[in-house]
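Let me begin by presenting the structure, written as structure tokens, before commenting on it.
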Amino acid sequence: MPEDKPTIVLVHGAWADASSWNAIIPPLQAEGFTVLAPPNELRGLEGDAASIASFLAQRTSGPVVLVGHSYGGAVITNAGAKGGDVRALVFVDAFLPDEGENIVQILGGSGSALDVADPTTVLDVAVYPGAPDGIIDAYLKPETVHTAFAQDLPEADRDLIVATQRPASLLINITPSGEPAWKTIPSWAVLGTLDLTIPIETQRRMAERAGATITEVEGSHVSMVSQPHATLDAIHAAVAAVTSEVGALS
């Protein structure tokens, strides 16, 4: 990898795995970037962020552009300043929590399809070994995927999400966030205007509070799949800023 190209690390969100970046990775690799997409464990914000910070410290060298989708945004908010040389953050249809906030609080009153009195109307739940008392795993109901999570994807792609989704511990929703990396690291945010999981007004409020450079795109909660150009453009903008910074310091 040329020395002036930062490493790009992509962190997926809940109910997903690294394949959620399949529309993003090949174009960046074709441009000569080293791209890494580590697993997000989806067990709890503190542990998930520690895992990503450890990955950054051990698997990257030189400047990093750190990208997070959905819950992955909360993870990079907590991991970005704790491992590796992260110079830019990119949030895609993501949470950008401030210190002390949790996801339940952020979505409360937002109109999110997940902000419902009875979560079992939109989620299927299951116990998992070693879970803390009262904590269970959640899966998206098929109807939730089709109508409120990935509604702008072809039906076959939505069916694939239903079949391959990874469970997310409900602990990720109630853990208070730590000191946010976006207070010290420049950020970019791609906001899906059709997002029914994190409604656009909620995304916009968080991104503006973080001082992020904002792009809005007509996409669902998985706009990096349905409208990948917007995410690629934001990553390129972050790369340009990091490259300029590195060049000025050399």
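The values are calculated or read from the model by the stated rules, or taken from the named source; none is laboratory data. Since the structure is predicted, the reported quantities are computational estimates derived from the model, not experimental observations. So basically every Cβ, Gly included, is an ideal-geometry build from the backbone, and we count neighbours across all protein chains shown. Each accessible area value is taken on the protein alone, full model and side chains, heavy atoms only, with ligands, DNA and RNA left out. Shrake-Rupley method; radii C 1.70, N 1.55, O 1.52, S 1.80 Å.
Annotations for the structure displayed:
- Rounded to the nearest 20 debye, the dipole size of region 38-119 about its Cα centre is 420 debye, using +1 on the Cβ of Lys and Arg and -1 on the Cβ of Asp and Glu.
- Environment charge at L107 (Cβ cut-off 11 Å; Lys +1, Arg +1, Asp -1, Glu -1): -2
- Förster-model FRET efficiency, 30 Å R0, D98 and T193, C-beta, rounded to 0.05: 0.85
- Once the 1.4 Å probe is applied to the protein heavy atoms, region 97-250 comes out at 47 Å² accessible per residue.
- Accessible-area value, V145, 1.4 Å probe, nucleic acids and ligands omitted, Å²: 0
- Relative contact order, percent, the chain [alpha-carbon distance under 8 Å, six or more residues apart]: 23
- Stretchable slack from A57 to E218, in nm (0.36 nm times residue separation minus alpha-carbon distance): 54.4 nm
- Taking T121, T193, T202 in turn, the Gaussian network model of the chain (Cα-Cα springs below 10 Å) assigns the largest fluctuation to T121.
- Whole-percent carbon and sulfur share, accessible surface of the chain, 1.4 Å: 54
- Each label was represented as a point 7 Å from its Cα along the Cα-to-Cβ direction; for A156 and E245 these points are 4.2 nm apart.
- Separation in nanometres of the label points that stand 7 Å from Cα toward Cβ, at D4 and S19: 3.8
- C-alpha long axis of helix 228-249 to longest principal axis of the chain, angle in °: 40
- Dipole of the chain computed with +1 at Lys/Arg Cβ and -1 at Asp/Glu Cβ about the Cα centre; of G32, P176, A207, farthest Cα towards the positive end is G32.
- Zero-based 10 Å bins, Cα pair distances in region 147-196, whole percents: 18, 28, 39, 16, 0
- q = 0.08, 0.15, 0.16 Å⁻¹, the chain: log10 I(q)/I(0) [Debye, one scatterer per Cα]: -0.27, -1.00, -1.14
- Largest mean-square fluctuation among P186, P26, P129, in a Gaussian network model of the chain whose springs join Cα atoms under 10 Å apart, belongs to P129.
- Cα long-axis angle, helix 155-164 against the chain (0 to 90 degrees, to the nearest 10): 90
- Charge dipole (Cα centre; +1 on Lys/Arg Cβ, -1 on Asp/Glu Cβ; no other charges) of region 169-250 amounts to roughly 180 debye.
- A237 paired with V116, simple spin-label distance in nm, labels 7 Å along Cα-to-beta-carbon: 3.4
- Under the combined filter of DSSP loop state and at most 14 neighbouring Cβ atoms within 10 Å, region 118-206 retains none of its GluC sites (Glu not before Pro).
- For region 44-124, radius of gyration divided by Kirkwood radius, i.e. Rg to Rh on alpha-carbons: 1.06
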